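Take a look at the structure below.
The values are calculated or read from the model by the stated rules, or taken from the named source; none is laboratory data. These numbers were taken from a predicted model, which means no experiment stands behind them. As a convention, Cβ positions derive from the backbone with ideal geometry for all residues, glycine included, and neighbour counts pool all protein chains shown. Each accessible area value is taken on the protein alone, full model and side chains, heavy atoms only, with ligands, DNA and RNA left out. Shrake-Rupley method; radii C 1.70, N 1.55, O 1.52, S 1.80 Å.
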Amino acid sequence: MLIQDIRDSLFDVSDLNQLKCDLNRLQPVDVGEYITQLPEKQRAIAFRLLNKSQAIDVFEYLPTDLQEELINSLHDVQVVQIVEAMSPDERAELFDELPAGVVKRLLQQLSPEQRQATATILGYPEGTAGRVMTTEYVRLQEGLTVGEALSKIRRQDEDKETIYYAYVTDNNRKLVRVVSLRQLLFTFPDVYIRDIASDRVLKVKTETPQEEVAQIMKRYDLIAIPVVDREDRLVGIITIDDVIDILEEEATEDIQKLAGVSGDEEALSPPLVTMRKRLPWLLAIMGLYIGAASAIAPFQSVIAAVPVLAVIMPIFSNTGGTVGIQALTVTIRGLGVGEVTPRDTFKILRKEVLAGLGTAVVLALTMMALSMIWAKPQERWVGLIAGTVMATNTMVAVTLGTLLPMGLKRLKLDPALVSGPLVTTMLDTIGFLTFLTLISVALRVFHLPQ
């Protein structure tokens with residue numbers, strides 16, 4: 001059954017039984033989407049219609065703000081059952097967003113094992129492998145046979161997040177080998193694990209940045225990767241579903257920063273939240289534009305003397321800014337997906353400069369033509385300067401769009417900190433100052449007609 005079939009269900013007594021049947025037959029992700037789209041007063045009603053196992057599965061697919069809303073509306077016993085059943089990494093993510101008092105109350109009511117697992121994850125810095133890992137994994141001892149290993153997995157590991165891989169450790173929990181479930185299933189029961197497990201183990205440290213983990217898993221087509229501490233002891237794993245979330249989060253953050261938007265704003269955020277997240281950026285950008293405007297202010301008499309400048313300058317500004325954002329976006333994307341590293345700076349710059357030369361020539365000729373069309377006969381000399389500065393600004397734009405994010409990456413900073421408005425303002429300031437200075441010099445030195 002599709003979610004569209006129940007989207008218009010009415011919330012009265014006669015419909016609740018049917019709605020309950022419908023919701024409990026749907027996939028948890030679809031139920032989560034359906035509940036998210038309901039009016040606020042109806043969300044808790046719909047959630048209460050779910051049976052226990054369905055409610056536990058659905059809860060993990062709800063946005064964090066809705067999870068908090070339901071926690072406040074459900075009885076403590078229901079909340080604890082749901083939170084206890086969550087995977088440790090999902091629980092830690094929820095606790096990050098909840099008020100400290102609520103987190104403390106929930107932690108006290110969790111089982112000692114789940115409390116320890118959650119506290120372990122929350123103890124690592126945000127954005128690291130330790131913070132996004134789960135402590136639910138299959139661990140085997142080297143001395144087990146295949147038959148003993150399969151028996152252990154059947155008895156103890158049915159609720160682990162993934163069993164595609166089993167991780168082999170020594171007596172000190174140090175990770176030494178990895179074996180796939182496929183190998184276990186197709187090997188004779190009396191064969192020892194150490195004889196079939198691979199010692200070529202790809203692993204990451206708890207402090208490894210999450211985006212680096214995602215790149216490693218993407219590069220080697222892994223569905224899970226083990227996480228070890230500084231003593232090389234196995235402490236958790238990161239699974240492919242977590243990596244998908246990481247890549248989406250990083251891509252969203254980069255795109256929003258390029259546009260001068262806070263990285264955690266959502267399409268359906270309340271208006272006041274949207275205003276609070278955007279306004280600081282807008283005020284900062286306005287401050288930058290004041291700098292660009294200050295470059296123009298001393299040349300008001302020049303603009304008054306050559307009116308066609310007022311027509312040319314907006315095109316000049318928008319084109320240069322767009323060229324810079326294009327180079328910036330391609331570079332940040334390349335860094336984000338691991339396609340390039342700071343070591344490739346000159347290789348990327350060479351490509352951008354060569355492409356920029358051709359672009360600069362075309363844009364310069366176009367600007368010259370437009371200037372001569374719009375200018376009065378005695379002002380057509382402006383086109384030569386406009387074309388020259390346009391070509392120069394284009395080369396500056398591709399250079400800045402490449403070097404700025406590469407420089408930040410080399411300094412271990414987020415390349416997306418170089419937002420589009422920042423690059424545009426820098427180019428405007430450089431371009432206007434150069435353009436108007438050359439126009440001013442031409443008027444004074446060569447006594448050109450106006």
### Query
Would it be correct to say that R219 is open to solvent by 70 Å² or more (accessible area, probe 1.4 Å), basic (K, R) and either at pLDDT below 75 or under 22 Å from A117 (Cβ atoms) (or both)?
no
### Query
Name the pairs: first residue in the range 399-418 and modelled with pLDDT under 80 and among the acidic types (D, E), second residue part of a helix (DSSP H, G or I) and open to solvent by less than 50 Å² (accessible area, probe 1.4 Å), Cβ to Cβ under 7 Å, at least 6 apart or on different chains?
D414/L408
### Query
Do you know which residues across the range 49-60 are closer than 24 Å to D242 by Cβ and open to solvent by 40 Å² or more (accessible area, probe 1.4 Å)?
S53, D57, E60
### Query
Would it be correct to say that L185 is within 24 Å of D199 (Cβ to Cβ), at pLDDT 85 or above and in contact with a strand residue (DSSP E or B) (Cβ under 8 Å, 6 or more places away or on another chain)?
no
### Unique residue being within 28 Å of the chain's Cα centre (by Cα) and assigned to a helix (DSSP H, G or I) when the list is T399, T434
T399
### Task
Specify the residue that is nearest to T388 (Cα to Cα); the eligible residues are those in the range 331-363 that are over 20 Å from the mean Cα position of the chain (by Cα), open to solvent by 50 Å² or more (accessible area, probe 1.4 Å) and free of Cβ contacts under 8 Å to residues at least 12 places away in the same chain.
V362
### Message
Being among the hydroxyl-bearing types (S, T, Y) and either touching a helix residue (DSSP H, G or I) at 6+ places or on another chain (Cβ under 6 Å) or assigned to a loop (DSSP other than H, G, I, E, B) (or both) is the filter here; which residues of the range 44-74 pass it?
### Response
Y61, T64, S73
### Message
Among the residues in the range 114-128, are any open to solvent by 40 Å² or more (accessible area, probe 1.4 Å), of a type in the set (V, I, T) and at pLDDT below 90?
### Response
yes
#### Entry: the range 208-226, subset without any contact (Cβ under 8 Å) to a residue 60 or more places away in the chain and in contact with a strand residue (DSSP E or B) (Cβ under 7 Å, 6 or more places away or on another chain), residue nearest to T135 (Cα to Cα)
I225
### Query
Scanning for something part of a loop (DSSP other than H, G, I, E, B), open to solvent by 50 Å² or more (accessible area, probe 1.4 Å) and either under 26 Å from Y289 (Cβ atoms) or not basic (K, R) (or both), does the range 364-377 turn up at least one residue?
no
### Message
Can you find a residue that is under 24 Å from D414 (Cβ atoms) and at pLDDT 75 or above anywhere in the range 257-269?
### Response
no
### Message
Looking only at the range 61-105, how many residues end up being free of Cβ contacts under 8 Å to residues at least 24 places away in the same chain and buried (at least 16 other Cβ atoms within 10 Å of the Cβ)?
### Response
2
### Query
Consider R139 against the criteria (1) of a type in the set (K, R); (2) surrounded by fewer than 16 Cβ atoms within 10 Å (Cβ to Cβ); (3) touching a Phe, Trp or Tyr at 6+ places or on another chain (Cβ under 8 Å): it satisfies all of them except one. Which criterion is unmet?
(2)
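Applying the selection to the range 378-389, what residues are of a type outside the set (A, V, I, L, M, F, W, C) and surrounded by fewer than 19 Cβ atoms within 10 Å (Cβ to Cβ)?
First pass over the range 378-389, keeping only residues of a type outside the set (A, V, I, L, M, F, W, C): 378-380, 383, 387-388.
Scanning the range 378-389 gives Q378, R380, T388.
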### Summary
Going through the range 178-207 in order, the residues found to be in contact (Cβ under 8 Å) with a residue 60 or more places away in the chain and surrounded by 19 or more Cβ atoms within 10 Å (Cβ to Cβ) are V204, T206
### Message
Could you list, ordered by first residue, the pairs with Cβ atoms under 6 Å in which the first is in the range 296-307 and within 16 Å of D428 (Cα to Cα) and the second is of a type in the set (F, W, Y) and assigned to a helix (DSSP H, G or I), at least 6 apart or interchain?
### Response
I296/F432
